[in-house]
């Protein structure tokens, strides 16, 4: 009886150890809860791109924007490609096509028209996946310097909240540099006044190419 009890004890420890190992493997590869797999945080299949933004149909395509062009039932004509510095894109069969200055719907209609020579009733969809032509820039005492995507109706305050301040920032002396008709315009912004509900007229909507300087 003593030997039998000792063997039963060893068997129980083996089962418990195997369960612990399985728990560790689930934590590493993603857990299963209520028949739903929850991927691990370091799963290589999971990726997030902050720069990827789907634009509205009324968005005007610009240089460096990334477009996904899909032609129904024509996979060889479906592609994701950037708008070149000359405003053009290149597609099989129709070569160079002007994209900058058009909305996605206008470009889709233009591509459909050009493809009629080669495809019966072409059905084209254009989606702007990256709005790289609409950028603003943050310089100086901010936590995140450089270009950021200009969201729809983004204001100076919204951009600064996104960037954050360093401990040395002079938030009373912020200004925006904007090019208009070839001339640089300096627009002041007093962060401390704006967040108090004062000088709200300074919280302007940003335009592509605006540069926010935080001294």
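Look at residue 125 and say whether it is within 30 Å of residue 194 (Cβ to Cβ) and either in the same structural domain as residue 187 (by TED's automatic domain parsing) or touching a helix residue (DSSP H, G or I) at 6+ places or on another chain (Cβ under 7 Å) (or both). Criteria not met by residue 125. Only a single item in (1) touching a residue at least 40 places away in the same chain (Cβ under 8 Å); (2) touching a strand residue (DSSP E or B) at 6+ places or on another chain (Cβ under 9 Å); (3) within 30 Å of residue 175 (Cα to Cα) is not met by residue 101, and it is number (2). Looking across the range 86-100, the residues that are modelled with pLDDT under 95 and part of a loop (DSSP other than H, G, I, E, B) come down to 92, 93, 94.
This table checks each residue for (1) part of a loop (DSSP other than H, G, I, E, B); (2) more than 17 Å from the chain's Cα centre (by Cα).
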residue: 108; (1), (2): no, yes
residue: 111; (1), (2): no, yes
residue: 117; (1), (2): yes, yes
residue: 121; (1), (2): yes, yes
residue: 125; (1), (2): no, yes
residue: 129; (1), (2): no, no
residue: 133; (1), (2): yes, no
residue: 139; (1), (2): no, yes
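Based on this model, can you work out whether residue 138 counts as modelled with pLDDT of 95 or more and either surrounded by 12 or more Cβ atoms within 10 Å (Cβ to Cβ) or within 11 Å of residue 212 (Cβ to Cβ) (or both)? Answer is yes for this residue. Note on the range 181-197: residues that are in contact with a helix residue (DSSP H, G or I) (Cβ under 9 Å, 6 or more places away or on another chain) and in a loop (DSSP other than H, G, I, E, B) amount to 1.
Restricting attention to the range 68-90, report how many residues are under 18 Å from residue 130 (Cβ atoms) and either touching a strand residue (DSSP E or B) at 6+ places or on another chain (Cβ under 9 Å) or surrounded by 12 or more Cβ atoms within 10 Å (Cβ to Cβ) (or both). Number of matching residues: 14. One residue alone among 115, 107, 150 is buried (at least 17 other Cβ atoms within 10 Å of the Cβ), under 26 Å from residue 66 (Cβ atoms) and not assigned by TED's automatic domain parsing to the domain that holds residue 80, and that residue is 150.
The values are calculated or read from the model by the stated rules, or taken from the named source; none is laboratory data. Please read all numbers here as calculations on a predicted model, not as lab measurements. Here Cβ is always computed from backbone atoms with ideal geometry, including for glycine, and neighbour counts include all displayed protein chains.
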